[in-house]
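Q: Quick one: the structure is below, questions incoming.
The values are calculated or read from the model by the stated rules, or taken from the named source; none is laboratory data. Quantities reported herein were computed from a predicted structural model and do not represent experimental measurements. Note that we place each Cβ from the backbone using ideal geometry, even for glycine, and neighbour counts take in every protein chain shown.
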Amino acid sequence: MKLYYFPPSPNTRKAHAVAIHLQLPVDLQLVDLQKGEQHAPAFHKLNPTGRTPVLEDGDFILWESTAIMQYLASQIPNTLWSEDVKTRADIMRWQSWQLAHWHHACQPLQFENFVKPLLQLGEPDLQVVQRATELFHKEATVLNEHLAERKFLVNDTLTLADFSVASELTYAIPGRFPLENYAHIRAWYARMEQLHAWEKTAPRG
Ligand SMILES: N[C@@H](CCC(=O)N[C@@H](CS)C(=O)NCC(=O)O)C(=O)O
């Protein structure tokens, strides 16, 4: 299998981390977003949306990081992607929440507070920051309460749900995410940072 990836990207990170955690043999192919390689016609043949990551397994091409995580975790028996239907649904619940809600709270903070200054794209838009901060508190309250008495999101066992939800916190510090009042999220994320796969996929300065 080959993973087309861009290491600084949280979407790449969650797929790559799953491959590392499960010790799956995956070749890596850099798609340098800073050089615009995602717009190359050859890459658009793989993913017409022009985004990373993409997984190639023989003649099977898969894009969308969550689908890639599930496909990777289906290769061998493991607890990240349980066979139990209720556990699977619970994992999917948190992966869906990450895509539909958590992402929209975290991504604007990451972009306005971190990416814009980094790429010299101008000052943070304070209205966008304020709206995202409100969303962040709404969603983080739910996550924090869920984690109050749990080590991990589903059945107290590390699953794909943890990799999905944690990916959004990759740039929590430079993105100035307001995590001060969410001790359970910080404790859980510290547990994620203990994982070899999370450490290996951390963005390098
Ligand atoms: N929903 C997609 C999002 C993928 C995505 O937005 N990837 C970004 C990097 S984080 C990308 O490749 N952007 C390139 C572009 O939009 O030009 C997924 O989960 O895979």
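Q: Only strands (runs of 3 or more DSSP E) wholly contained in segment 5-113 count here; list those with 3 or more residues that are within 20 Å of Ala202 (Cα to Cα) and more than 9 Å from the ligand (Cβ to nearest atom).
A: 27-30
Q: Right, here's the next one. Please name all residue pairs, on different chains or six or more residues apart, with Cβ atoms under 6 Å, provided the first residue is in segment 79-102 and is under 9 Å from Ala161 (Cα atoms) and surrounded by 14 or more Cβ atoms within 10 Å (Cβ to Cβ) and the second residue is of a type in the set (Gly, Ala, Ser) and at pLDDT below 95.
A: none
Q: Still on this model: Conditions first: (1) surrounded by 14 or more Cβ atoms within 10 Å (Cβ to Cβ); (2) within 16 Å of the ligand (Cβ to nearest atom). Thr133 passes all but one, so which condition is the exception?
A: Going through (1) surrounded by 14 or more Cβ atoms within 10 Å (Cβ to Cβ); (2) within 16 Å of the ligand (Cβ to nearest atom) one by one, Thr133 breaks only (2).
Q: Another question, if that's okay. Looking only at segment 20-29, decide whether some residue is touching a Pro at 6+ places or on another chain (Cβ under 9 Å) and crowded, with 19+ Cβ neighbours inside 10 Å.
A: The answer is no; no qualifying residue exists.
Q: Right, something else. With the structure loaded, tell me whether Val115 is of a type in the set (Val, Ile, Thr) and under 16 Å from Thr170 (Cα atoms) or whether it fails that test.
A: yes
Q: State the number of residues belonging to segment 151-171 that are surrounded by fewer than 20 Cβ atoms within 10 Å (Cβ to Cβ) and touching a residue at least 24 places away in the same chain (Cβ under 8 Å).
A: 4
Q: Considering only residues that are polar (S, T, N, Q) and farther than 17 Å from Asn11 by Cβ, look in segment 61-78 and name the one that is surrounded by the fewest Cβ atoms within 10 Å (Cβ to Cβ).
A: Ser74
Q: Residues in segment 176-185: is at least one surrounded by fewer than 19 Cβ atoms within 10 Å (Cβ to Cβ), acidic (Asp, Glu) and either modelled with pLDDT of 95 or more or over 25 Å from Glu134 (Cβ atoms) (or both)?
A: Within segment 176-185, one or more residues are surrounded by fewer than 19 Cβ atoms within 10 Å (Cβ to Cβ), acidic (Asp, Glu) and either modelled with pLDDT of 95 or more or over 25 Å from Glu134 (Cβ atoms) (or both).
Q: Keeping to segment 55-82, report how many residues are more than 16 Å from the chain's Cα centre (by Cα), within 14 Å of Leu3 (Cβ to Cβ) and among the charged types (D, E, K, R).
A: Here the count works out to 2.
Q: In segment 150-205, which helices (runs of 4 or more DSSP H) lie fully inside it and hold 2 or more residues that are farther than 17 Å from Leu72 by Cβ?
A: 183-193
Q: Is it fair to say Ala42 is of a type in the set (A, V, I, L, M) and free of Cβ contacts under 8 Å to residues at least 12 places away in the same chain?
A: The answer is yes for Ala42.
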